[in-house]
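Colleague: Provided herewith is a single structure, encoded as structure tokens, for subsequent inquiry.
Just so it is clear, none of the values below were taken in a lab; they were calculated from the coordinates. Since the structure is predicted, the reported quantities are computational estimates derived from the model, not experimental observations.
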Amino acid sequence: MADSLEFNKISAAVLLTGIVILGISFLSEGFVEPIVPAKDSFVVAGAVEEPAKGSSSGDAAPAVIPPVSPLLAKASATEGEGIAKKCATCHTFVKDGPNKVGPNLWGVIGRGRASHPGFDYSDALKKLAGTPWNYEEINKFITNPKAYANGTKMSFAGLAKPEERANVIAYLRTLSDTPQPLPQ
Ligand code: HEC
């Protein structure tokens, strides 16, 4: 008699556990299922959004990237230095600074593309070697690195705002013993 009572208690406990587990999985499904992101959620704030996976073309370039040259006269290198903190995760800016995830950017304006010693560039960037980085090329690159050089190792969504790009480029320009002249 005592045994069968014990058995009943155990069965009841097992049953209850089952019900609770079912209940939890039912509830959590209810909560979790609908939160399927429509697109990738790792886009950096203020940066260009990449198209959702599976969209027809891989070319994410905004239709028209306005030229940066007209904005440079009014751009603020000091503001740009602040924005460039986003780049500093991967780049150093001081003269003879080390390469990190990305190459050192001292003197990058006017420097040959994919030319910094000791840095292992992607094939995508190596293909562009030969001509230097000028204001407009850097502008296009940092608007959307992957659209500019499909296959680049620079995993950065880009800077969407033309003024932010102008400020950053104005800052990059100062990283030189002899800064390039501003565009006329
Ligand atoms: C997540 C890391 C990362 C961030 C953030 C990042 N970069 Fe880069 N950057 C790279 C890598 C890696 C490369 C090399 C790309 C390649 O080889 O395809 C690169 C290359 C470059 C180049 C080309 C340099 C050369 O020698 O040809 C420039 C210019 C550049 N980055 C500017 C910037 C600026 C400006 C920012 C911020 C607005 C930035 N990057 C943010 C990783 C990063």
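Colleague: Per-residue HN-Hα couplings for the range 168-184, Karplus 6.51 cos²θ - 1.76 cosθ + 1.60 at θ = phi - 60°, whole Hz, x for Gly and Pro?
Modeller: In residue order, the calculated couplings are 5, 5, 4, 5, 4, 4, 6, 7, 6, 5, 10, x, 4, x, 6, x, 7 Hz.
Colleague: Distance check, please: which entries in LYS74/LYS127; LYS74/LYS153; LYS95/LYS127 exceed 29 angstrom between their Cα atoms?
Modeller: Pairs exceeding 29 Å: LYS74/LYS127; LYS74/LYS153.
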